[in-house]
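Asks: Attaching a single structure in structure tokens format; questions to follow.
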Amino acid sequence: FSAGSEYDLCVIGAGPGGYTGAIKAAQLGLKTVCIDKRGPAGGTCLNVGCIPSKALLQASALYHEAKATFESRGITGTENLKCDFDKMMANKNTAVKKLTGGIEGLFKRDKVKYLKGWGKLTGPNSVTVALNDGGEETITAKNIMLATGSEVIEKLPFVEVDEEQIVSSTGALDLKKVPEKLIVIGGGVIGLELGSVYERLGSKVTVVEFLPTIGGIGIDSELSKEMQKILTKQGISFKMSTKVTAVEKTGGALKVTTEPAAGGGAESLDADVVLVCVGRREFRDGLGAEEVGVELEGRKVKVDDTFKTSVPSIYAIGDIIHGPMLAHKAEDEGAMVAEYLATGKKPHLDYNNVPSVLYTHPEVAWVGKSEEQLKAEGVEYRKGKFSFAANGRSIANMDTDGFVKVLSDKKTDKLLGVHIINAIAGDIISGACIGIEYGAASEDLARVCMAHPTVSEVLKGAAQKTAFGKAVSG
Ligand code: FAD
Ligand code: NAD
């Protein structure tokens with residue numbers, strides 16, 4: 001492609017939403033360009049989100065498991081086990097590089113032109129790119145897909161994030177050493193995942209959470225309470241219904257002042273590192289969206305059911321529009337826009353069927369409605385719960401924490417929600433997603449033949465309880 005040539009599609013942002021949309025569009029025959037200012041493709045997810053956090057979660061989980069459980073499993077010689085933190089970080093960086101490079105490889109394979117630079121809308125069909133290497137390029141395209149994602153909300157008025165001692169998730173994924181004392185502000189998804197990483201590596205971790213519950217948005221409160229018990233047993237301390245009012249640098253250390261959320265006496269804690277993770281917000285800086293007439297709803301870009309914005313040639317997907325800020329949701333939306341533009345078909349995404357997973361140990365995964373949501377909506381439901389303590393494979397694995405809870409409509413038995421705490425909850429939940437997607441009843445799940453001995457059998461057991469009131473075992 002030559003500079004200034006006309007494209008069918010220009011994608012701004014090469015995160016999971018943007019790169020999926022660009023690759024799918026090219027595969028369907030659209031002449032596509034994708035722009036990202038970050039340089040390496042892959043967006044938040046591959047560079048500073050899903051992938052580096054999971055690399056550290058996996059390495060720290062193995063270290064912790066070896067230290068804490070190998071002896072009881074009859075494997076000895078682990079007394080002198082040590083953590084080479086630099087090597088863990090280097091392996092994490094290798095995984096990130098491999099995957100971000102992999103996306104650029106896919107761009108080449110499918111002939112997506114990749115431009116490294118800052119994209120700014122200059123009209124309904126034009127984008128100016130300030131190239132990272134200097135200079136500017138103007139792109140014209142029949143359609144434009146905005147996929148500019150999100151950034152950390154770091155601006156608690158009293159905390160200045162320096163990404164070394166006072167860090168966001170980005171700095172926490174790149175610490176130079178394991179802190180002795182880590183204070184996590186916000187007990188949501190990032191706080192629990194990265195809090196777990198450092199607790200396993202030896203930090204004394206305290207999570208300060210404003211609400212009375214942990215786990216972030218949408219978590220069923222029964223799971224939230226159970227996880228708090230499990231994580232407390234693992235060694236994480238929680239200060240619930242508490243707000244941080246100051247973080248001060250005192251010599252080398254940090255002094256964190258807290259107060260009960262409802263008001264009351266102040267307390268102070270000391271820490272080597274403070275992780276601020278109180279949510280993320282949509283990123284539209286320097287994009288020029290509003291200037292060309294793209295309407296917002298609150299901070300979100302407003303789109304219709306084909307992801308078209310108020311400017312008919314401009315589409316938007318991923319973290320900058322409605323729905324949960326999750327990579328798989330962004331990916332599906334990117335692919336749907338590509339398919340719509342290339343074929344005119346109108347695929348859809350059931351937002352009630354987007355799974356959420358917290359990659360702690362055990363993991364927490366859910367899809368559909370929580371009990372709180374069903375109660376608030378006045379929906380009558382059946383509930384079946386089955387514990388992993390009654391599952392053969394979990395007992396053999398010596399990993400029995402957690403349960404599956406299956407919720408279905410009281411009259412029709414249609415699946416409404418599935419909630420899981422288990423070592424591999426994030427994998428088991430896919431079975432529930434397939435059920436909900438195809439309108440299954442809990443009885444359908446209860447009658448599926450599932451391999452034995454697997455931990456997934458608990459999904460069947462919980463569904464039996466929901467459908468028949470009893471399970472054969474457990
Ligand atoms: P992003 O991935 O944010 O990508 C947007 C890209 O656009 C960025 O690379 C940015 O540089 C670029 N950009 C922005 N503006 C411009 C511009 N004007 N010009 C050029 N380029 C621009 N989600 C999960 O589903 N599972 C997880 O396990 C998970 N773990 C996470 C862990 C952490 C620590 C964090 C921070 C997030 C995690 N997420 C996870 C969330 C996930 O990363 C996001 O939901 C996902 O990346 C959103 O994809 P996106 O394509 O909308 O945007
Ligand atoms: P979050 O919304 O999950 O949790 C933020 C937590 O901070 C909430 O519990 C909130 O009550 C608390 N909080 C807010 N203000 C506070 C304050 N002043 N003091 C104390 N607590 C406060 O946000 P996050 O953990 O920053 O993660 C951001 C987003 O990134 C997530 O919502 C999710 O979309 C995405 N993410 C997903 C995954 C995953 O899928 N496994 C992992 C990491 C991040």
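Asks: Determine the distance separating the Cα centre of the range 236-250 from the Cα centre of the range 372-449; give it in Å without decimals.
Replies: Value for the Cα centre distance between the two parts: 35 Å.
Asks: Still on this model: Which of the lysines could a cross-linker span from Lys302 if the Cα-Cα distance has to be under 27 Å and same-chain partners fewer than 8 positions apart are dropped?
Replies: Reachable lysines: Lys24, Lys31, Lys37, Lys116, Lys120, Lys142, Lys155, Lys329, Lys345, Lys346, Lys369.
Asks: Moving to a separate point now. With 10 angstrom as the radius, rank Met88, Met450, Met145 by how many other C-beta atoms surround their C-beta, starting from the fewest.
Replies: Met450, Met88, Met145
Asks: Restricting to bridges with both residues inside the range 1-144, how much of the DSSP beta-bridge set is antiparallel, in percent to the nearest 5?
Replies: 50 percent
Asks: Return an integer: the convex hull volume of the alpha-carbon atoms of the range 31-122, in Å³ per residue.
Replies: 114 Å³
Asks: Give a quick list of GluC sites (Glu not before Pro) in the range 371-474 that DSSP marks as loop, anything other than H, G, I, E or B, with at most 12 other Cβ atoms within 10 Å.
Replies: Here the sparse-neighbourhood loop sites are Glu377, Glu380.
Asks: Now, a different point. What does DSSP give for the chain in terms of the percent of beta bridges that are antiparallel, rounded to the nearest 5?
Replies: Looking only at bridges with both residues in the chain, the antiparallel portion is about 65 percent.
Asks: Then there's this: Give the span of the range 224-355's Cα atoms along each principal axis, as three whole-Å numbers ordered largest to smallest.
Replies: Each principal axis gives a Cα extent; for the range 224-355 these are 59, 37, 29 Å.
Asks: Once Lys and Arg get +1 and Asp and Glu get -1 on their Cβ, which of Gly392, Met325, Ile436 lies farthest toward the positive end of the dipole of the chain?
Replies: Gly392
Asks: Taking the inverse of the average 1/r across all pairs of different Cα atoms in the range 124-206, what Kirkwood radius in Å do you get?
Replies: It is 16.0 Å.
Asks: Ranking Ile436, Ile144 by Cβ neighbours within 10 Å, fewest first, what do you get?
Replies: Ascending Cβ contact count within 10 Å gives the list Ile436, Ile144.
Asks: Relative to the compact globular guide of 2.2 N^0.38 Å, what is the alpha carbon radius of gyration of the range 171-299, as a ratio?
Replies: Taking the Cα Rg and dividing by 2.2 N^0.38 Å, one obtains 1.22.
Asks: With a sphere of radius 13 Å drawn around the Cβ of Leu81, what net charge do the other residues whose Cβ falls strictly inside it have (Lys, Arg +1; Asp, Glu -1)?
Replies: -1
Asks: If you don't mind, another one. Any idea what the dipole of the chain comes to, in debye rounded to 20, about its Cα centre with Lys/Arg Cβ at +1 and Asp/Glu Cβ at -1?
Replies: The calculated dipole for the chain is roughly 880 debye.
Asks: Return the sequence-ordered ³J(HN,Hα) values of the range 293-306 in whole Hz as given by the Karplus equation 6.51 cos²θ - 1.76 cosθ + 1.60 applied to θ = phi - 60°, using x for Gly and Pro.
Replies: Using θ = phi - 60°, the values come out as x, 6, 8, 10, 10, x, 8, 8, 6, 7, 9, 8, 6, 10 Hz.
Asks: Per the Kirkwood definition applied to all pairs of different Cα atoms, how many angstroms is the hydrodynamic radius of the chain?
Replies: Value: 24.0 Å, from the Cα pair sum.
Asks: Let me ask something additional. Could you work out Rg/(2.2 N^0.38 Å) for the range 373-474, with Rg from alpha carbons only?
Replies: That ratio works out to 1.01.
Asks: Pairs Lys383/Lys410; Lys225/Lys411; Lys383/Lys465; Lys383/Lys411: which are spaced more than 18 Å apart, C-alpha to C-alpha?
Replies: Lys225/Lys411
Asks: Just checking the chain: which Cys have no other cysteine's beta-carbon under 4.7 Å?
Replies: Cys10, Cys34, Cys83, Cys277, Cys433, Cys449
Asks: If a helix is a whole DSSP H run, which ones in the chain reach 15 Å or further along their own axis (Cα) and hold a mean Kyte-Doolittle hydropathy of at least -0.5?
Replies: Span-like helices, by this rule, are 16-27, 50-69, 85-109, 189-200, 327-343, 425-437, 457-468.
The numbers here are math on the coordinates, done by the rules we state, and not lab data. Just so we're clear, the structure is a prediction, and the values are computed from it rather than from any experiment. Please note: Cβ atoms are built from the backbone with ideal geometry, for glycine as well, and neighbour counts cover all protein chains shown.
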